[in-house]
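No lab work stands behind these numbers, since they all come straight from the coordinates. Predicted model only: the values in this text are computed from it and were never measured. Heads up, the Cβs are rebuilt from the backbone with ideal geometry, glycines too, and the neighbour counts pull from every protein chain shown.
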Amino acid sequence: MSKKNLIAGQSGGPTAAINSSLYGVVSEALKHTEEIDHVYGMVNGIEGFLNGTVLDFQEALPGEQLRALTWTPGAYLGSCRYKLPESLEDPVYPKLFRKFEEMNIGWFFYIGGNDSMDTVSKLSRYAEKIGSDIRILGEPKTIDNDLVNTDHTPGFGSAARYVASTVREITLDACVYEKRSVTIIEIMGRHAGWLTGAAALARKYVGDNPLLIYLPETDFDVEEFLRKVNAAFEKNCNVVVCVSEGIHDKDGTFICEYDSAAGTDAFGHKMLAGCGKYLENLVRSRLGVKARSVELNVSQRCSAAMLAGTDQQEGILAGEFGVQAALNGETGKMIAFKRQSDSPYSMKCTLEDVNAICNEEKTVPVEWITEDGSDVTEDFIRYARPLIQGTVNVPVGEDGLPAFVYRK
């Protein structure tokens with residue numbers, strides 16, 4: 001059998017573990033020298049591939065240098081938010097497959113979230129349409145944890161650990177004065193509140209901050225919010241509130257839109273930011289207390305210091321499993337996680353039809369949110385806690401800073 005080449009790319013927002021998945025794919029592929037000749041990387045995803053920007057991993061990260069991917073945040077290969085046309089008749093598809101043929105590509109891996117799985121779906125369907133034998137698989141990635149048909153996604157555990165740790169730190173900072181104050185922490189999450197829910201892991205005891213947690217799965221009522229904040233002062237004069245960026249009222253209007261109109265991104269998604277600042281000003285003016293807001297922003301996804309060992313190892317495992325599946329002839333699938341047990345925690349990798357995953361969204365189950373919509377239940381905590389476990393030792397360079405790997 002003649003050898004073929006494998007190519008991998010990354011797409012969408014980066015995470016602390018997306019490069020671990022890349023390492024899993026590349027390291028496993030390099031073991032199969034009888035079937036795989038070269039292992040290539042698309043620089044800036046499918047868009048970069050169309051522009052001819054490709055690297056060879058054996059040259060870019062030879063030997064032990066490859067392992068540095070496992071503690072490097074961001075997307076080593078670079079990313080894109082390029083959406084393939086809906087019509088498989090579009091000329092971009094034959095152009096892509098001509099390039100695959102020119103590079104003798106036999107296996108294609110795309111690491112990303114929902115929109116990336118949309119790319120995997122379209123490419124695999126086009127391959128089937130033209131009778132191509134290229135194996136096309138998706139590797140899951142998203143801090144939002146909103147991919148369906150998988151227990152969770154690589155990237156979420158580390159981001160959740162960052163959220164919980166940072167909320168605990170902010171709580172300690174907020175509680176130094178015996179004077180009423182409200183600290184509002186805005187956390188990523190447009191329609192799914194998984195990351196915001198992880199703030200509950202920050203609590204050390206019943207009644208600890210954050211006293212209020214609001215997810216976008218339920219409607220947000222501004223007046224009820226003010227009443228709950230005021231009542232929370234009976235428990236603690238320093239109240240910490242965590243809110244998802246995508247909280248909205250009963251009419252579907254985002255709270256951030258109360259202040260100003262939100263723009264949209266390349267996929268037509270509203271670009272949300274600012275609900276924390278709006279609520280800060282509202283609390284200050286209506287309740288007459290000291291108020292501040294903190295937007296965690298991209299720190300949630302780029303902190304190697306909070307990289308969870310479980311997250312890192314599962315990212316690697318997903319990459320390895322995917323290559324093995326592709327070599328066994330699988331295509332049009334996404335690698336998924338199936339939880340075996342909460343305590344002790346265990347999981348296994350499975351394959352799911354990518355067509356049933358792309359363009360769907362997994363939200364926090366309503367039963368995992370308290371009836372009044374201001375907190376998560378113990379079920380959520382049991383689900384999330386195992387995913388933030390394990391500490392990764394990030395090597396430090398001569399400058400005293402993390403020794404990450406950079407693409408030259």
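DSSP beta bridges in the chain, what fraction antiparallel, as a percent rounded to 5? It would help to have the intermediate numbers written out before the result.
Details: 17 of 52 bridges.
So the antiparallel bridges amount to about 35 percent of the total.
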Give the share of C-alpha pairs in each 10 angstrom bin for the chain, from 0 to the last occupied bin, in whole percents, shortest bins first. 5, 23, 30, 23, 14, 5, 1, 0
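Per the Kirkwood definition applied to all pairs of different Cα atoms, how many angstroms is the hydrodynamic radius of the stretch 4-56? Walk me through the numbers before you get to the answer.
Values: mean 1/r = 0.0858 Å⁻¹.
By the Kirkwood definition, the hydrodynamic radius is 11.7 Å.
Can you pull the semi-axes for the stretch 137-209, root of five times each eigenvalue of the Cα gyration tensor, sorted largest first, whole Å? Please list the in-between numbers first.
Values: eigenvalues 175, 24, 19 Å².
Calculated on Cα positions only, the semi-axes equal 30, 11, 10 Å.
Could you calculate, for the stretch 277-408, the ratio of the Cα radius of gyration to the Kirkwood radius, expressed as Rg to Rh?
Values: Rg = 20.5 Å, Rh = 19.2 Å.
Across the stretch 277-408, the Cα-based Rg/Rh ratio is 1.06.
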Bounding extents of the stretch 1-113 in its principal axis frame from Cα atoms, largest first in Å, are 43, 38, 19
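Over all pairs of distinct alpha carbons, what does the Kirkwood formula give as the hydrodynamic radius of the stretch 296-341, in Å?
Evaluated over the stretch 296-341, this radius sits at 12.8 Å.
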I need the per residue convex hull volume for the stretch 201-261, using only the alpha carbons, in cubic angstrom as a whole number. 98
Computed magnitude of the charge dipole of the chain (debye, nearest 20; Cβ of K, R +1, Cβ of D, E -1): 700
In nanometres, the difference between 0.36 nm per residue of separation and the alpha-carbon distance of D379 and N51 is 113.4 nm
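Given N residues in the stretch 76-204, what is its alpha carbon radius of gyration divided by 2.2 N^0.38 Å? Please list the in-between numbers first.
Details: Rg = 21.1 Å, N = 129, 2.2 N^0.38 = 13.9 Å.
Ratio of Cα Rg to 2.2 N^0.38 Å: 1.51.
Let me check I have the definition right: for the stretch 172-214, take the eigenvalues of the Cα gyration tensor, multiply each by 5, take square roots. What are those semi-axes in whole Å, largest first?
Working: eigenvalues 96, 32, 12 Å².
Three semi-axes, in Å: 22, 13, 8.
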More than 13 angstrom apart: percent of Cα pairs within the stretch 350-408: 78
Packing rank of 286-295, 382-391, 236-245, 302-311, where each peptide gets the mean count of other beta carbons within 10 Å, highest leading: 236-245, 302-311, 382-391, 286-295
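Determine the gain in length on full extension of the stretch D90-E35; use 0.36 nm per residue of separation and subtract their C-alpha separation, reporting nm with one decimal.
Values: separation 55, 0.36 × 55 = 19.80 nm, distance 3.19 nm.
Difference between extended and current length: 16.6 nm.
What pairs from K338/K408; K277/K348; K95/K141; K31/K362 go past 30 Å between their alpha carbons?
Working: K338/K408 37 Å; K277/K348 41 Å; K95/K141 27 Å; K31/K362 35 Å.
Check vs 30 Å cut-off fails for K338/K408; K277/K348; K31/K362.
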Isolated cysteines for the chain, Cβ-Cβ cutoff 4.7 Å, are C80, C175, C237, C242, C302, C349, C358
The stretch 1-79: relative contact order from alpha carbon pairs under 8 Å, six or more residues apart, as a whole percent, is 45
Given 0.36 nm per residue, what is the gain on full extension from R81 to N328 after removing their alpha carbon distance, in nm? 85.9 nm
Distance in nm between label sites at N281 and E223, each 7 Å beyond Cα in the beta-carbon direction? 2.2
Once each part is reduced to its C-alpha centroid, what is the distance from the stretch 187-221 to the stretch 31-95 in angstrom? 36
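Please sort by residue number the GluC sites (Glu not before Pro) in the stretch 116-207 whose DSSP state is loop and whose Cβ has at most 12 other Cβ atoms within 10 Å.
Working: sites: E128, E169, E178, E186; in loops: E178.
In loop regions of the stretch 116-207 (DSSP not H, G, I, E or B), the sparsely surrounded GluC sites (Glu not before Pro) are E178.
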In nm, give the distance between the simple-model label positions of I130 and S343, each being 7 Å from the Cα along the Cα-to-Cβ direction. 5.4
Using a Förster radius of 35 Å, what is the FRET efficiency between K99 and T350 based on their Cβ-Cβ separation? Nearest 0.05, please. 0.70
FRET efficiency for E178 and R292, Cβ-Cβ distance as r, R0 = 25 Å, nearest 0.05? 0.90
